[in-house]
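Structure record follows, encoded as structure tokens.
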Amino acid sequence: MRRRIGAFDIINTLILSIVGLVCIVPFLYTFFIAISDGKFLIRGDVSFFPKGVNLQSFIYVFTNPRFDIMTGVRNSAIYTILGTIVSVLLTYSTAYVLTRPRIKCRYLIMSLFVLTWVFDAGMIPRYIAYSSLGFIDNIWVMIIPDAINTQYLIITKAYLEGMPKELEEAAIVDGANDFSILSKIFIPVTKPIIATIALFNGVAIWNQYLVPQMFLKTKELKTIQQVLANVTIGTEGTTFANTIINGISLNQQNMKAAAIIIAMLPIVIAYPFVQKYFRNGILIGSVKG
Amino acid sequence: MKRKVTAISLAILLALLMVLVGCSKEETPASSSKASASTSTAVAADTSTQDEPRTYSWFLRSQFITWLRDLKWYDVAEERTGIHVDYVEGPLELNDTFNEVDQRLASGTLPDGTMLRLAQAKVYGAQGAFVDLRPYIEKYAPNIQAYLDANPDYERLISSDDGAIYAMIRESPVLADFIGYRADHFRAVGIDPAEVTTVEDLTEAMRALKAYYGKDNPNYYPFSGRENAPTRFAYLFDAASYADAEGSSGIYYSHEKDYSFDIKAPRAYEWIQTIKTWYDEGLINPSWIDGTNTEGDWESQMLSGNASLFLDFYNRAEWFMTNGGPDNDPDFDMQVLPWLVDDEGNILKQTSALLWRSDNAVAINASCDEETIRTILEFIDYFYSEEGMILANWGVEGESFKTNEDGSREFIVDYTAEESKPEGTKKWSFLSDRQTVCKPVDQEAFYAWNTPLIAEAASRYLVPEALLARPVLVYTTEQEQELSNLVASVYNAELAGLTGFIVGNTPLNEETWNAFVEQMDALGLQRIEDIQYEAYKTTFGL
Amino acid sequence: MKRKNNDTRLLPPAGLGERLRRDVLLNWRLYVLLLPGVVSLVLFKLFPVAGMVIAFQDFSAFRGITGSTWVGLENFQRMFTDKYMLTLISNTVIIAILSIVCVFPIPIIFALLLNEERSRVVKNSVQSLSFLPYFISSAVMVSILATMLNPSTGIVNVIIRHFGGDAVNFMARPEWFRPLYILLQIWQTFGYNAIIYIAGITAINPELYEAAEVDGCQRWGKMIHVTIPGISTSIITMLIISIGQIFTVQTERIILMYNPSNAATSDVIQSYVYRIAFQSLGFPDYSYGTAVNLVKSVLAFILVIIANKLADRFAETRVF
């Protein structure tokens, strides 16, 4: 049943297009600032499109010894990869066991997870607890303590509970043990939830700012988010020295913009390929939220 | 339902159990890491042969480490003492560094020694975190001992109530801020800098500059700067904080130079009103007032001609000349404005740095063994020896300075050539205002190590009659702790209140001003002043 | 709570020790799998909760929990006399309420508009773009905001000046903090939250639309009589969840957006706690910060429990 395209459709398409633009324009604008010549910026001559296009700011940001962006990117990548693997393993295996009726204490354990999730201990007790466990200046602080996010544990558990009971029963009849049931039967059929928790955890670790800021003090261990926030928002105003290279002015504005672009690039590049999983993941999470 | 109840009560039980477990755990990793840190140094000390230097680890603001690594004289000092310091990098900013000392204490990750606030050293020292240096100084550090004997004021300042010395303080050179101005801008607009002698003249000059340069550049504001915009100008209105025999007003504690102000001063109202006028007329950079102008922003404004005046560190005028000014604009010419005077022609006295600043102390971790303490003290002691003082203030004879026939010394390396070397290159540098190591300052060398522009201005303007008297007060540990906490909250509230008046969030009139002062008193300003006065009386035996 | 763990295996009656032995023998593999989870629960979730006892101490960074002196309820008494607490609480609550009132309806509207879109290309690409902001970190987001709002070079002020206005330092103005925070919140979450509604709309039985058409409903009629009722359960659930999380503000974003100039509105409980513990100009006040946070946590806990009960009753779903 086809209807004519009316005024509403046109306006609606227009609104939605604007909404779509609003989602990417800030990134585009930041990029334009990064490639603009500082002398136009400082006078307020750049409204949206770049002036004096050049890539000096990126070169500067990459080569500045004080602004260790590559260390930040490398660290964040390591933490994200390790952290994602560990959190998927821990979340999945915990959720799996907690859905097995044979385990008697599963309600107690789950209640404790939920309780500590709803009742927030706060940053200070967490800081004191983790530091007494030796997590100061220790890269594992990015990987171990938050490996099990209770929200994802709930989602995973709900998903596994939705699996037909016959799956396991048939396997037991065949003489399989718990390890082989998990690896041969459950994991293959629950790939969507694994992809989901992997992606959510991965993004969360990459984007973490407060945790590394509280625990990772040594320059060599800092994440990209810390490195970025310190120069763009913090008071560390001396990291970027205003200079003129080949007649191009570099000032705080275009250098900071270049740093922002580099910090978000991995997410933006990966996004088109994984956004499908994100969408599914959100739905899995909400079906039996 | 029942199961839920049991679960929750069990959780609480478990939580309580964890307290016990946690408490016993608390000690182990902390002490073991400390132990390993000090044993490693101890081992290093024991096995030290002639070519193996003795070492210890030291926590320091990262900026200071960056500076230290480039110093030629520092390398000579390590070589001569046979002691090598492994610096542990702190944050880039000073205050963050002090915060990290607290955090490292909490987590037991403090190295053998650290820089810190005097208040921290006294409070945590009394709890057992730091070594009482007194007996060790006597034993291992004859030069420091001599310094203590020669400066009883200093000894009292660093001593805790129990008589222990948990920290030492470095000496600071006497210095104050200068107003720098673009001489080329003044010429273009037709302002004679010699005519700018009072605050009114300054305002008029800014108006002229604004009319000329602000006409087609909306980002031009004649005056710009970084950090604490309103408070920097307090001295122009006799509104600096003080402590004397009559009493004390404003935050005097640890705010000796940049942030010294007194909202109860007779002309404090006029001070804020003037800055409000500057703000309203666009004469002063609004982001600076808002507190969002970073050092980098300010530098970029000065370099690109978006500002003509600043009030900052005494050698900054020179810094702009050698760090891109003329590259941006061949006419770029930054000069230093003489002190301003009041209507009667009296010099408006500036606040200056204290000889001993309480926020630049050094302390030794209590977990260190005697060998490490000895190493640390011997290294610091070197800078209190005759030879060490010459090295740190003048360098090496024949390389960086020469001795004239009359016995005076003179630098033979060029200031500009040395200071403009890029980061990471070894150079001669004697900017003693930077905390490098704890040492006495040779004021003569400090001024001599400058370009003619600054050296001349410093010798002319940094004279006693232009600087406010800044007595060093001795506080008890309890006073230090209380002041430290009170100042933290009151200072921010004062700054927020003043900013609110200037930008117009709060209307400025006698009534609102008095209410503001009362509010600050209630918040703790009055208490701060009482403690300061108390300390003044004890310090000077009144 | 339903009983679903009726064990089908028949075991002869035995003592506790014997039953435990059998249980372990039978299920040791599962216990091995569970072990890391339990360790993580105890060390990283329960241990910090236990650490909250410092709210009843005068905690010294050096002395630790065992060495610090106990002060009873002193920190809580101080809270009740601390005038700044009022500012903090009202800032926290205002931000939370605004987050619900202004942020909550946007994804619903977006989902409805998207549902009406005829062009598949526009529909899919806009939806794909819409949840990109959700995955951008607070640090990047606030940095971009600061770039766009920079008083001298930012696009917003360049445009304001172009039309003859005066530049505004948005990031330093207390009156602008809340709008900016909410704007970021909308920008970051609308696409993400809309996914749930979009899925709900897709699940509506097409026959309902046909029936509505037979009844003479036009586009608006169908939206009001079919689409919205079709996702009403989701709407109610989401609403209750967000009310339950009223105290959950975006701490990272607030800490990054906070500066002394906008403190009058931007300082909330979480940012205050962070600041007095980790960015203090004096001695860090771990104990007071924990006490303040403890009160907040208790209130938040009660709210979440109520919300969960409400969701269970009215929407037949539970958050946990």
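On the basis of being outside any strand (DSSP E or B), surrounded by fewer than 21 Cβ atoms within 10 Å (Cβ to Cβ) and hydrophobic (A, V, I, L, M, F, W, C), does residue B:101 make the cut? So residue B:101 does not fit the description; no. Counting only helices (runs of 4 or more DSSP H) wholly contained in the range C:126-219, the ones carrying 1 or more residues that are within 30 Å of the chain's Cα centre (by Cα) and under 18 Å from residue A:29 (Cα atoms) occupy C:138-149, C:155-162, C:174-202. Would you confirm whether or not the range C:109-125 contains a residue that is within 26 Å of the chain's Cα centre (by Cα), of a type in the set (Gly, Ala, Ser) and facing chain A (nearest Cβ under 10 Å)? Checked against the condition, which is being within 26 Å of the chain's Cα centre (by Cα), of a type in the set (Gly, Ala, Ser) and facing chain A (nearest Cβ under 10 Å), the range C:109-125 yields no hits at all.
Cβ separations smaller than 6 Å between residues 6+ apart or across chains give the following pairs from the range C:40-53 residues that are more than 7 Å from chain A (Cβ to nearest Cβ) to residues that are assigned to a helix (DSSP H, G or I): C:50/B:15; C:50/B:18; C:50/B:19; C:50/B:22; C:53/B:19. State whether the residues of the range C:182-198 include one that is in contact with a Gly (Cβ under 6 Å, 6 or more places away or on another chain) and crowded, with 20+ Cβ neighbours inside 10 Å. Looking through the range C:182-198, none of the residues is in contact with a Gly (Cβ under 6 Å, 6 or more places away or on another chain) and crowded, with 20+ Cβ neighbours inside 10 Å. In the condition set (1) more than 13 Å from chain A (Cβ to nearest Cβ); (2) more than 28 Å from residue A:34 (Cα to Cα), residue C:231 is compliant with all but (1).
Please go through the range B:355-381 and give me each residue that is in a helix (DSSP H, G or I) and in contact with a Lys or Arg (Cβ under 7 Å, 6 or more places away or on another chain), ordered by number.
Correct list: B:375 only.
Conditions tested, residue by residue: (1) outside the structural domain of residue B:63 (by TED's automatic domain parsing); (2) aromatic (Phe, Trp, Tyr).
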| site | (1), (2) |
| --- | --- |
| B:361 | no, no |
| B:367 | no, no |
| B:376 | no, no |
| B:379 | no, yes |
| B:383 | no, yes |
| B:411 | no, yes |
| B:444 | no, no |
| B:447 | no, yes |
| B:460 | yes, no |
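All conditions in (1) surrounded by 17 or more Cβ atoms within 10 Å (Cβ to Cβ); (2) among the aliphatic types (A, V, I, L, M); (3) more than 25 Å from residue B:356 (Cβ to Cβ); (4) in contact (Cβ under 8 Å) with a residue 40 or more places away in the chain hold for residue B:453, with the sole exception of (1). With respect to the conditions (1) surrounded by 20 or more Cβ atoms within 10 Å (Cβ to Cβ); (2) more than 25 Å from residue B:451 (Cα to Cα); (3) among the hydrophobic types (A, V, I, L, M, F, W, C), residue B:392 falls short on a single one, namely (2).
For the range B:214-228, the set of residues classified as within 12 Å of chain C (Cβ to nearest Cβ) and touching a Leu at 6+ places or on another chain (Cβ under 9 Å) consists of B:220, B:221, B:224, B:228, listed by residue number. The residues of the range C:117-136 that are out of contact with any Cys (no Cβ under 7 Å at 6 or more places or on another chain), touching a residue at least 40 places away in the same chain (Cβ under 8 Å) and buried (at least 19 other Cβ atoms within 10 Å of the Cβ), listed by number, are C:127, C:131, C:136. Within the range C:74-90, the residues that satisfy the criterion of being more than 12 Å from chain B (Cβ to nearest Cβ) and exposed (fewer than 12 other Cβ atoms within 10 Å of the Cβ) are C:80, C:86. Number of residues in the range A:20-74 that are of a type in the set (S, T, N, Q) and in contact with a Leu (Cβ under 9 Å, 6 or more places away or on another chain): the value is 3. Going through (1) crowded, with 16+ Cβ neighbours inside 10 Å; (2) touching a Phe, Trp or Tyr at 6+ places or on another chain (Cβ under 9 Å) one by one, residue B:431 falls short only on (1). Yes or no: residue B:274 outside any loop (DSSP other than H, G, I, E, B) and either more than 13 Å from chain A (Cβ to nearest Cβ) or surrounded by fewer than 24 Cβ atoms within 10 Å (Cβ to Cβ) (or both)? Judged against the criteria, residue B:274 is a match. Selection within the range C:256-273: residues that are within 7 Å of another protein chain (Cβ to nearest Cβ) and in contact with a Ser or Thr (Cβ under 7 Å, 6 or more places away or on another chain). The member of this set that is surrounded by the fewest Cβ atoms within 10 Å (Cβ to Cβ) is C:259. Restricting attention to the range A:102-126, the residues being more than 7 Å from chain C (Cβ to nearest Cβ) and under 25 Å from residue C:245 (Cα atoms) number 6.
If we keep just the residues of the range C:22-59 that are surrounded by fewer than 21 Cβ atoms within 10 Å (Cβ to Cβ) and β-branched (Val, Ile, Thr), which is nearest to the chain's Cα centre (by Cα)? Looking at the filtered set, the residue picked out is C:42. The set of residues in the range A:137-178 that are acidic (Asp, Glu) and part of a helix (DSSP H, G or I) comprises A:161, A:166, A:168, A:169, A:178.
Within the range A:194-215, the residues that satisfy the criterion of being more than 9 Å from chain C (Cβ to nearest Cβ) and closer than 21 Å to residue C:143 by Cα are A:204, A:205, A:211, A:212. When restricted to residues that are more than 9 Å from every other protein chain (Cβ to nearest Cβ), outside any loop (DSSP other than H, G, I, E, B) and without any contact (Cβ under 8 Å) to a residue 60 or more places away in the chain, the range B:298-345 contains 3. The helices (runs of 4 or more DSSP H) located wholly in the range C:240-320 that include 2 or more residues which are within 20 Å of residue C:178 (Cβ to Cβ), assigned by TED's automatic domain parsing to the domain that holds residue C:92 and hydroxyl-bearing (Ser, Thr, Tyr) occupy C:263-266, C:269-278.
Which residue, of B:303, B:309, B:337, B:355, is farther than 30 Å from residue A:249 by Cβ and either buried (at least 22 other Cβ atoms within 10 Å of the Cβ) or at pLDDT below 90 (or both)?
Among B:303, B:309, B:337, B:355, only B:355 is farther than 30 Å from residue A:249 by Cβ and either buried (at least 22 other Cβ atoms within 10 Å of the Cβ) or at pLDDT below 90 (or both).
Count of the range A:219-232 residues, restricted to those that are surrounded by fewer than 24 Cβ atoms within 10 Å (Cβ to Cβ) and modelled with pLDDT under 85, is 2. Filtered by the rule that a residue be farther than 23 Å from residue B:412 by Cα and β-branched (Val, Ile, Thr), the range B:452-475 gives B:463, B:472, B:474. Here B:149, B:177 are screened, and the one residue that is closer than 30 Å to residue C:169 by Cβ and acidic (Asp, Glu) is B:177.
The values are calculated or read from the model by the stated rules, or taken from the named source; none is laboratory data. Please read all numbers here as calculations on a predicted model, not as lab measurements. Cβ: placed from backbone, ideal geometry, glycine included. Neighbour counts: every protein chain shown.
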